[in-house]
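Single-structure report; data block below.
The values are calculated or read from the model by the stated rules, or taken from the named source; none is laboratory data. In this text, all values refer to a predicted model and were calculated from it rather than measured experimentally. Every residue, glycine as well, gets a Cβ built from its backbone with ideal geometry; the counts of neighbours run over all protein chains shown. Keep in mind that these areas ignore ligands, DNA and RNA; they rest on the heavy atoms of the full protein, side chains included. Shrake-Rupley method; radii C 1.70, N 1.55, O 1.52, S 1.80 Å.
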Amino acid sequence: MPGPERLQQLKDHAARLQTRTLRTLFAEDEMRFERFSASCGDLLLDYSKCHVDAQAMTLLAALAETAGLEERRRAMFDGKPINETENRPVLHTALRNQAGTPVYVDGVDVMPQVFDVLAAMGEFADGVRAGDLCGSTGKRFTDVVNIGIGGSDLGPAMCTLALAPYHDGPAVHYVSNVDGAHIADTLKALDPETTLFIIASKTFTTVETMTNAGTARKWVAAALGDAAVGGHFAAVSTALAKVTEFGIQDDRVFGFWDWVGGRYSIWSAIGLPLMIAIGPDAFHEFLEGAHEMDRHFREAPLLENLPVLMGLIGVWNRDALGFSARAILPYDQRLARLPAYLQQLDMESNGKRVTLAGEPVHMDTGPLVWGEPGTNGQHAFYQLLHQGTTVIPCEFIVAVQGHEPDLAHHHQMLVANCLAQSEALMRGRTIGEVREKLMAAGAGEADLQTLAPHKVFPGNRPSMTLVHDQLTPFALGRLIALYEHRVFVEGVIWNINSFDQWGVELGKELATALLPMVRGEPGSDEKDASTRGLLARLRPV
Ligand code: F6P
């Protein structure tokens, strides 16, 4: 983490720069787009609408260097235990290391194991897709239900939707919430004879997943008998003994390793439902896209390096300009679940308040991450983005082309809207422009006085835009890896551990303790008055 002087230097520069609006910065520099954009293959990052100049970028790059970014990056790729509180390496990059170059953990090259699991997943996925692997009554599987939560759900669920044009396998459903409504609504339309469940849990202890898995098992047993259960379940986990205890056949268990964090696990066997949906070949393209970003992240100079640039701007927005949120706005309906996916990736990784050494941080760390696809969001919350009192930097994502050639006019409209939003956020509309427009429409002076203030857009609101050719498996893999490394860059500058998640534990412990009280057993006397009152109100009627 940069010392207070460096942080002050950054803030001082930001204050100087803010005396010139983004509109002015564009007016002053014809080459601003060229200067503040960078690419990785066909993926373009335009950050020229962020409130930075060359000096800001130089200061930020120096910050990253002082924080030891290059050394930490090497340590991650080399399998050093950079997740210090759990004493684990962080090697999701090995899972997509399509080049197969050795990656060592405790002196053992993990690549052969990675390829073995990928091959086993491929065989299983092909078997299910071709109808060679059937349910207990010999019928082919028409539906796959993935039961998992957090990283064991968000990645495959987000990617399955994103890659719908490539989905040629059985229907895939995702059940995550312990709310019985989720599994009940999902199973309502399914036939036990033709349904395969994948129980996905790194630890195989997560109560939501285990509760849903138990309900699924009962559902199969009730329809087809206990003996049929084995034929309808597969599992993905690092806890192989626990999977065996649950009763899932060995040849249907796909392992991964404790050096894969839950929110970084889509590249592992956690991707099995996605592989069943799109097929092993497309899944390998997805891995290849991520691998491409890994190469770029390792090799591109800092100020041409997309994850580094996005990370530096993230720190700039958060700590120099004081913005506490970022909005993820994909102009792609199939990326509807990307904001939720990035919420876990970003907020579980960088929602931290102590440094690696356990000292309180003296900078703000991870921002609030949220969003929705455009254009829907435009008709919901963009009002606040444009005229609210809180500035929220926006991240737009858009493809040159969609997957519906017959609907190219829809795509043109989508693109026009995406560009319009970043332009409006940047330029705004001044009172003079508003008056001019109102007068042109024939408004009198009284109307001008009343209406003009409401129609002013302050502008000067930063955004960045990511553009790729098309949302292919390769492009999706590359995009996710970009965001993973961006989170890493920010975490290094903040000097926090981006790979643990102790903050989710307290709630889990308390829920376990509260469960008997919810069932009506005693013990609530020691709870606070609010919890006691709520418990009383929540007793079943
Ligand atoms: O509660 C947080 C968490 O541990 C996430 O980090 C993880 O992705 C999720 O729960 C699910 O964990 P598991 O895969 O072990 O069921």
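Numerical summary
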read-out	value
Restricting the range 180-257 to GluC sites (Glu not before Pro) in coil, as DSSP defines it, with at most 14 other Cβ within 10 Å	none
Estimated vicinal HN-Hα couplings, Hz - the range 474-489 in sequence order (Karplus 6.51, -1.76, 1.60; Gly, Pro = x)	4, 5, 5, x, 5, 5, 5, 4, 4, 5, 4, 6, 4, 4, 4, 4
Whole-Hz couplings from phi, Karplus 6.51/-1.76/1.60, listed for the range 492-505; x for Gly and Pro	5, 5, 7, 6, 10, 8, 7, 10, 10, 7, 5, x, 8, 6
Accessible surface of the range 394-511, 1.4 Å probe, proportion on carbon and sulfur as whole %	60 percent
In sequence order, calculated HN-Hα J values of the range 71-82 (Karplus, 6.51, -1.76, 1.60; Hz; x Gly/Pro)	5, 5, 4, 4, 4, 5, 4, 7, x, 6, x, 7
Cα-based shape type of the chain, given that a ≥ b ≥ c are square roots of the gyration tensor eigenvalues and the cut on a/c is 1.5	prolate
Length-normalised contact order for the chain - Cα pairs under 8 Å, 6+ apart - percent	19 percent
The range 248-273 versus the range 107-165: alpha-carbon centroid distance in Å	9 Å
Neighbourhood charge, 14 Å Cβ-Cβ cut-off, centred on Val467 and excluding it, Lys, Arg +1 and Asp, Glu -1	-3
Amide H within-cut-off set for Val369, under 5 Å, with H built and near neighbours excluded	Arg326
Solvent-accessible heavy-atom area per residue, rounded to whole Å², over the range 204-273 at 1.4 Å	37 Å²
Potential extension, Arg537-Thr215 segment - 0.36 nm per residue separation minus Cα distance	113.2 nm
Among beta bridges that DSSP assigns inside the chain, antiparallel share in %, nearest 5	30 percent
Cα gyration tensor, the range 148-209 - rounded (a/c under 1.5), prolate or oblate	oblate
Cα-centre dipole for the range 156-230 with unit charges at Cβ (Lys and Arg positive, Asp and Glu negative), debye to 20	180 debye
Straight-distance crosslink candidates among lysines, where the alpha carbon sits under 29 Å from Lys437 and sequence neighbours closer than 8 are dropped	Lys49, Lys455
For the chain, size of Cβ-based charge dipole, Lys and Arg +1, Asp and Glu -1, in debye	1280 debye
13 Å beta-carbon shell around Asp106, net charge (K/R +1, D/E -1)	-1
Taking the range 1-99 and dividing mean pair separation by its residue count, relative contact order in percent (alpha carbons under 8 Å, at least six apart)	20 percent
Violating pairs (Cα-Cα greater than 27 angstrom) within the set Lys218/Lys508; Lys218/Lys242; Lys11/Lys352; Lys11/Lys80; Lys188/Lys527; Lys11/Lys508	Lys11/Lys80; Lys188/Lys527; Lys11/Lys508
Helix-only mean residue ellipticity at 222 nm for the chain, each DSSP H run of n ≥ 4 adding -39500 (n - 2.57), per residue, nearest 500	-14000 deg cm²/dmol
Under 5 Å, built H, 5+ apart or other chain: amide partners of Val253	Ala235
Accessible surface, per residue, of the range 309-462 when the full set of protein chains is kept, probe 1.4 Å, Å²	47 Å²
Amide proton proximity set for Asn83, modelled H, under 5 Å, gap of 5+	Arg88, Val90
11 Å beta-carbon shell around Asp153, net charge (K/R +1, D/E -1)	+1
